Amino acid sequence: MYADSFMTEQHGPPPPSDAPQRASVHFMLAHPAHALALGLGSGLSPVAPGTVGTLWAWLSWLLLDRWLGPVALGVVLALSIPVAWWASTVTAEHLHSPDPGAIVIDEIVSFWLVLWLLLPAGWLAQCAAFALFRLFDAIKPGPVGWADRLFHGSSGWRSGFGILLDDLVAAGCTLLVMALWMTWRVPLWTA
């Protein structure tokens, strides 16, 4: 009893079980879905976790691209989408939040899609795709905003799918702009 009163005095009452939780290293290591959803820690960044997650996606894809061919990369991408859906669902549920900012697997998988279709484009084209993807994901114009609102506030599997959907639409918008750029033969594409 004394220990319980001491803990309450020192740290206050424990949060309600359904209150939103904060992601931490301990939380990330508590379940494989958490580690995946938090981008192996990139989502724990105190500043711009979505951008850090996208940078992690870029680096990891470039490493995978060195060892795997386009078909194998496509298989990795195809398998990563349902895994991301599962990890996002479980992690959002455990954080008691419909779309926690620390979940970055949606950015990772979506930017992997961009890179799978974009490479072997040069560095400037990759930088442009990164900037476009982050812009579409951050400001959520038109179809990206629609996709973001479609499952907003959902729970369970719908919530996990909603977390992924707006980023996949942002990837599609990025690829559309890059395709138009290529069609107009802007020199940046081959730079």
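The values are calculated or read from the model by the stated rules, or taken from the named source; none is laboratory data. Being a predicted model, the structure only gives us computed values, none of them experimental. Quick reminder, even Gly has a Cβ in these numbers, built from the backbone with ideal geometry, and neighbours come from all protein chains shown.
Miscellaneous remarks
Here's the yes/no breakdown for (1) touching a residue at least 40 places away in the same chain (Cβ under 8 Å); (2) more than 25 Å from residue 148 (Cβ to Cβ); (3) of a type in the set (S, T, N, Q); (4) crowded, with 18+ Cβ neighbours inside 10 Å:
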site	(1), (2), (3), (4)
29	no, yes, no, no
34	yes, no, no, yes
38	yes, no, no, yes
86	yes, no, no, no
93	yes, no, no, no
99	yes, no, no, yes
102	yes, no, no, yes
109	yes, no, no, yes
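- Candidates 130, 136 - the one that is surrounded by 17 or more Cβ atoms within 10 Å (Cβ to Cβ), closer than 22 Å to residue 56 by Cα and either in contact with a Cys (Cβ under 6 Å, 6 or more places away or on another chain) or at pLDDT below 90 (or both): 136
- Residue that is farthest from residue 100 (Cα to Cα), among those in the stretch 113-153 that are among the aromatic types (Phe, Trp, Tyr) and part of a helix (DSSP H, G or I): 123
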